[in-house]
Amino acid sequence: MIQSHRLDMPNKKTDHLTLLTAVILYTPFLFMGYGSDIDTYGVLEVGRHFSLTFDYIPSRGPGFFVFETITFFMDQLGGSILTNLTVMAMALLTVYGFMRLCREYKIPGYQWLALALVVHPFIWANAACTMDYLMAVGFVFLGIIQVLRGHYFTAGAAFALGAGSRLTIVLLAGGFLLWQYAIKPENRWKLIQSALVFGLFTVVFYLPPADFAQWTTRFLVASVGGNEYWSPIMRVGRWGYKNLMFWSIPTILWMGFFILRGIKNKGFTLFVRFNWLPAAAALIALTYESFYLGIPTEPSYLIPTIPLVLIVFGTAVGQRSWPTLILSAMLCISAFVSVNVAKPDLGNRATSADIGLWIEPGHLSTLTRERLNYRDCGRPYCNTRHNPVPWDQ
């Protein structure tokens, strides 16, 4: 027992160091205004409008009631710094929950995988801004932590808060519960109870948007433009291109090489190890990708897949740390410098693109510039005069 404790101490110290690294990287963004996404200002307007009229109007479909409510109160108490700090706390909870899950199921080199999670450009850019992505993911990892602790009611409530912040997070929470149901027969009734709590409160959180839509399903329909933008070729092209830019081309090639080599060397056993966690991660990530193929608009929709893909990558590389360290370096570089292979013909309404090779500012650099512009301008439409990020087309 003493030896096991001593072996575990460096892991916990490294966990703390990873969280400290995240705090250092994310803190400067607390002071850069609310964010660079126009949807952020819609969320702020929801609370301000409700406080004056007691009339709930969602910021956009399908509604983000939990996030909108939390943001309203944090904004009233401390403005953009407190709203950003709230999201940052959930980002840190995501990193901690990821490490807790990987440690529980003995995923090799999970501390280095957590570092890659911390520096992923889309995590980094959203970790301290007033946007719902990491709020939703953070609630799910809170639920995961509670399940691992045996607290199933609060786990279901946490999952529901995540779904109330962003509906598509149901895929991550539901996938985790199904995996646990499959590998832990002795806990199935408790997991069913957790799922019932999850489902009940999720429905409650979407009653206000449903009421706004006069009890029709209109609020569930996303606005994605006309059919001229969604031919099969354009849909697949947008999906593939945005996946490339989400991870960066060098990173995709690096991860693909090691995952494919892992499958070649270990076969299907690569996924069944560690209580089938890699298989569950891969299936949930593929489910997200299938949904994203239906609406391949903002790459940030893929944020929940980042920890899942990293689990599969970590399983493929095994005990070797250097592939994950290089992966982290690639992700960190891509935050500031990006290799682009396509430029759309028309911002936000692209129907074709020029193919080539360009070196451009990375996602974090671009979003930081836009964010500072919003802060200095003080109006929600400040960035309409700027060229949008190419991969958001």
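Conditions (1) out of contact with any Leu (no Cβ under 7 Å at 6 or more places or on another chain); (2) part of a helix (DSSP H, G or I), marked per residue:
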| residue | (1), (2) |
| --- | --- |
| Trp239 | no, yes |
| Ile252 | no, yes |
| Phe258 | yes, yes |
| Ile263 | no, yes |
| Phe274 | yes, no |
| Pro278 | no, yes |
| Glu289 | yes, yes |
Identify, by number, the condition in (1) under 23 Å from Ala163 (Cβ atoms); (2) surrounded by fewer than 24 Cβ atoms within 10 Å (Cβ to Cβ); (3) of a type in the set (A, V, I, L, M) that Met135 doesn't meet.
(2)
For segment 305-335, how many residues meet the condition of being at pLDDT 95 or above and not in a helix (DSSP H, G or I)?
1
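Would you mention how many residues in segment 281-325 are more than 14 Å from Trp112 (Cβ to Cβ) and hydrophobic (A, V, I, L, M, F, W, C)?
Count: 15.
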Among the residues of segment 24-37, write down those that are among the aliphatic types (A, V, I, L, M), part of a helix (DSSP H, G or I) and surrounded by 15 or more Cβ atoms within 10 Å (Cβ to Cβ).
Leu25, Leu30
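Okay, residues lined up against (1) surrounded by 14 or more Cβ atoms within 10 Å (Cβ to Cβ); (2) in contact with a Cys (Cβ under 6 Å, 6 or more places away or on another chain); (3) of a type outside the set (D, E, K, R); (4) farther than 30 Å from Trp358 by Cβ:
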residue	(1), (2), (3), (4)
Ile169	yes, no, yes, yes
Asn187	yes, no, yes, yes
Thr217	no, no, yes, yes
Ser248	yes, no, yes, no
What number of residues in segment 75-134 are closer than 24 Å to Phe274 by Cβ and of a type in the set (Gly, Ala, Ser)?
4
Taking only segment 119-141 into account, find how many residues are part of a helix (DSSP H, G or I) and not β-branched (Val, Ile, Thr).
12
Of all residues in segment 171-182, which are open to solvent by less than 40 Å² (accessible area, probe 1.4 Å) and over 12 Å from the mean Cα position of the chain (by Cα)?
Ala173, Gly174, Gly175, Phe176, Leu177, Trp179, Gln180
Can you tell me which of (1) under 25 Å from Leu101 (Cβ atoms); (2) at pLDDT 95 or above; (3) open to solvent by 10 Å² or more (accessible area, probe 1.4 Å) is the one Leu302 doesn't meet?
(3)
What residue, among those in segment 291-304 that are of a type in the set (A, V, I, L, M) and either over 13 Å from Arg235 (Cβ atoms) or part of a helix (DSSP H, G or I) (or both), is farthest from the chain's Cα centre (by Cα)?
Leu293
For residues that are in contact (Cβ under 8 Å) with a residue 40 or more places away in the chain, in a helix (DSSP H, G or I) and of a type in the set (Ser, Thr, Tyr), tally how many sit in segment 164-210.
4
Of all the residues that make up segment 56-85, how many are assigned to a helix (DSSP H, G or I) and open to solvent by 40 Å² or more (accessible area, probe 1.4 Å)?
11
When every residue in segment 250-271 that is open to solvent by 60 Å² or more (accessible area, probe 1.4 Å) and either touching a Pro at 6+ places or on another chain (Cβ under 7 Å) or of a type in the set (Phe, Trp, Tyr) (or both) is compared, the one modelled with the lowest pLDDT is Phe268
Of these, Ser334, Ser328, which one is within 24 Å of the chain's Cα centre (by Cα), over 24 Å from Arg103 (Cα atoms) and either loosely packed, with under 14 Cβ neighbours inside 10 Å or polar (S, T, N, Q) (or both)?
Ser334
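The values are calculated or read from the model by the stated rules, or taken from the named source; none is laboratory data. Predicted model only: the values in this text are computed from it and were never measured. Virtual Cβ from ideal backbone geometry, glycine too; neighbours counted across all protein chains shown. Remember, those area values only see protein heavy atoms, side chains included, never the ligands or the DNA or RNA. Shrake-Rupley method; radii C 1.70, N 1.55, O 1.52, S 1.80 Å.
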